[in-house]
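Quick notes on the structure that follows.
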């Protein structure tokens with residue numbers, strides 16, 4: 001027998017586009033949607049009326065933080081102080097160490113995945129900082145996270161992050177990248193092992209992908225090997241690139257080409273590639289300030305970008321612009337990249353920044369951003385059965401309550417949610433027909449326990465920065481408070 005979920009607003013799908021239905025319902029049986037519309041008269045096994053809420057496809061986060069929040073620490077510093085957040089040359093050469101135990105790393109990932117569920121994310125691709133590891137993620141790290149993800153019921157696209165280099169601060173105070181090719185090869189072996197592991201699990205909610213770290217931390221041979229495996233096994237690759245001037249200059253100095261050209265030369269620039277951020281194409285004012293072909297090149301390759309507007313804004317960057325990339329024909333997905341994993345706040349940031357860049361409120365493409373959080377993510381994953389509510393699609397859905405007086409008045413529910421709400425208003429999350437969160441609660445999860453646990457892990461992470469800092473500054477020196485603390 002099917003399950004029926006009703007709401008004041010339902011985002012359905014008709015003739016290739018999202019459409020809004022008033023006082024409608026979604027009916028699903030097992031993991032597949034059977035009906036989306038205004039009235040359903042057939043028998044159901046379970047019925048849930050969400051009342052004054054917006055029911056829509058589950059949100060797809062393709063740069064989802066699976067770590068303890070570090071942006072709260074490192075998004076305030078000037079460039080000189082920010083050097084203290086990188087590995088020192090001495091730390092790279094002789095003192096590398098894991099900040100957290102293997103058990104703590106699993107706890108961190110579980111805490112982060114719980115946050116995804118609570119914020120309405122149904123499909124995710126993880127990202128974790130490598131700064132706190134002796135090198136990068138291991139097979140065991142991600143295999144354990146896969147089990148946690150399965151238990152919580154999320155749909156994951158997973159793989160260990162790997163790299164052959166790391167950003168460091170040299171003894172002379174300059175920034176650079178130092179390499180350890182042996183560790184890079186070991187990480188790549190772990191990545192291939194996880195692809196086999198995911199295949200053996202034979203679980204539709206665990207999908208193996210290749211997740212190399214950042215383009216400047218991969219040598220050419222590792223880039224080419226990644227591209228070759230991606231083609232041979234037909235698996236997706238996500239690679240952080242086109243995300244900063246320092247990255248661009250390093251690639252130019254080391255390889256004599258731009259990051260986009262290097263991706264192409266390595267055989268990676270194709271429809272299997274997902275590029276988080278992609279803010280530093282030739283259109284960016286810090287590069288040329290005009291499009292000299294990068295957007296066309298990206299569009300023609302079939303690669304997708306993962307736009308993370310809230311995180312980019314907090315680090316002082318912006319995609320210039322969402323509408324320009326969209327009009328060029330580039331597929332745009334969304335990511336959160338940092339805490340909170342709140343795509344509603346992210347969309348709001350992106351929409352408002354688009355107005356500023358264009359100099360007109362008419363540039364506010366709200367539908368385009370919500371499309372990116374659903375349909376764009378589905379296209380990037382090559383999953384036409386995700387990101388939409390229609391018969392035959394996967395039963396992945398999320399609902400946001402709009403019934404609190406603090407939500408304000410209603411005109412269009414998406415504008416109300418965007419301007420007055422957050423993803424914390426998520427009241428229902430269903431993945432493949434399984435309810436993984438209802439009324440803001442996850443079965444078996446104690447929020448108080450995780451709040452206390454996460455704070456302890458965060459304090460341990462914060463204290464470890466001083467060990468890596470080339471100048472050995474204390475945590476309080478590296479992360480000065482907004483106001484000086486008055487001692488008793």
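The values are calculated or read from the model by the stated rules, or taken from the named source; none is laboratory data. On a predicted model such as this, the values are computed, not experimentally measured, just so you know. Here the Cβ positions follow ideal geometry from the backbone for every residue, glycine too, while neighbour counts run over all protein chains shown.
Can you spot a residue in segment 323-330 that is within 21 Å of residue 213 (Cα to Cα) and without any contact (Cβ under 8 Å) to a residue 40 or more places away in the chain?
In the first step, residues of segment 323-330 are kept if they are within 21 Å of residue 213 (Cα to Cα); the result is none.
Checked segment 323-330: no residue is within 21 Å of residue 213 (Cα to Cα) and without any contact (Cβ under 8 Å) to a residue 40 or more places away in the chain.
I need the full set of residues from segment 396-414 which are crowded, with 21+ Cβ neighbours inside 10 Å and over 16 Å from residue 344 (Cβ atoms), in order please. Please lay out each step first, then the result.
The first filter runs over segment 396-414 and keeps only residues crowded, with 21+ Cβ neighbours inside 10 Å, leaving 396-402, 413-414.
Hit for segment 396-414 is 396, nothing else.
Being under 21 Å from the mean Cα position of the chain (by Cα) and over 22 Å from residue 107 (Cβ atoms) is a condition met by no residue of segment 139-148.
Would you check if residue 276 is in contact (Cβ under 8 Å) with a residue 40 or more places away in the chain, within 27 Å of residue 347 (Cβ to Cβ), crowded, with 21+ Cβ neighbours inside 10 Å and out of contact with any helix residue (DSSP H, G or I) (no Cβ under 7 Å at 6 or more places or on another chain)?
Values: in contact (Cβ under 8 Å) with a residue 40 or more places away in the chain: yes; within 27 Å of residue 347 (Cβ to Cβ): yes; crowded, with 21+ Cβ neighbours inside 10 Å: yes; out of contact with any helix residue (DSSP H, G or I) (no Cβ under 7 Å at 6 or more places or on another chain): yes.
Yes, satisfied.
With respect to the stated conditions, residue 331 is buried (at least 18 other Cβ atoms within 10 Å of the Cβ), over 30 Å from residue 454 (Cα atoms) and under 16 Å from the mean Cα position of the chain (by Cα). Restricting segment 300-321 to residues that are over 12 Å from the mean Cα position of the chain (by Cα) and surrounded by 24 or more Cβ atoms within 10 Å (Cβ to Cβ), the residue that is farthest from residue 122 (Cα to Cα) is 319. Residue-level check: of (1) touching a helix residue (DSSP H, G or I) at 6+ places or on another chain (Cβ under 6 Å); (2) surrounded by fewer than 24 Cβ atoms within 10 Å (Cβ to Cβ); (3) free of Cβ contacts under 8 Å to residues at least 60 places away in the same chain, residue 350 misses just (2).
Condition first: assigned by TED's automatic domain parsing to the domain that holds residue 108 and in contact with a strand residue (DSSP E or B) (Cβ under 6 Å, 6 or more places away or on another chain). Can you find one or more residues in segment 365-372 that meet it? Yes - at least one qualifying residue is present in segment 365-372. Residues in segment 438-488 that are in contact (Cβ under 8 Å) with a residue 12 or more places away in the chain and surrounded by fewer than 12 Cβ atoms within 10 Å (Cβ to Cβ): 439 only.
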